[in-house]
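S.K.: Pasting a structure below so you can have a look.
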Amino acid sequence: MLRLTLKNRNSKLNKRVIRFRKKGIIRYPLYDIIVTYKNSRNKGAAIERLGFFNPHCGVKSLKINMHRLSYWLLKGVFVNYSVKRYLVKFLID
């Protein structure tokens with residue numbers, strides 16, 4: 001019984017993801033870039049906030065803490081497709 005409990009606890013640690021969390025007002029969304037568990041709700045608690053994205057501003061609308069992003073990537077956290085797309089678009093250019 002104890003092994004099952006430890007196994008479930010360890011499997012939850014591997015299911016972390018970096019994704020957007022929507023905020024803002026109606027018809028003017030803003031997004032936080034957060035690290036959270038894969039099964040948690042979008043409005044739920046985040047492990048850490050890495051930055052934010054404003055889709056209305058233009059080119060330099062993505063602000064992110066690169067040190068914390070590299071830390072989480074080295075830990076093996078998955079990156080959501082939409083976050084990955086914007087990271088490639090804004091950080092490589």
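The numbers here are math on the coordinates, done by the rules we state, and not lab data. It should be emphasised that the depicted structure is a prediction, and the values quoted were computed from it without experimental measurement. Glycine also receives a Cβ, built like all others from the backbone with ideal geometry; neighbour counts cover every protein chain displayed.
S.K.: Mind checking the full-extension length gain between R85 and R49? Use 0.36 nm per residue of separation minus the Cα-Cα distance, one decimal, nm. Let's see the in-between values first.
M.R.: Details: separation 36, 0.36 × 36 = 12.96 nm, distance 1.84 nm.
Taking R85 through R49 to full extension adds about 11.1 nm, to one decimal.
S.K.: Now for a separate question. Residues with beta-carbon under 14 Å from that of H67, excluding H67: net charge, scoring Lys, Arg +1 and Asp, Glu -1?
M.R.: +3
S.K.: Cross-link list K23/K63; K15/K63; K15/K89; K38/K84: which exceed 22 angstrom alpha carbon to alpha carbon?
M.R.: K15/K63; K15/K89
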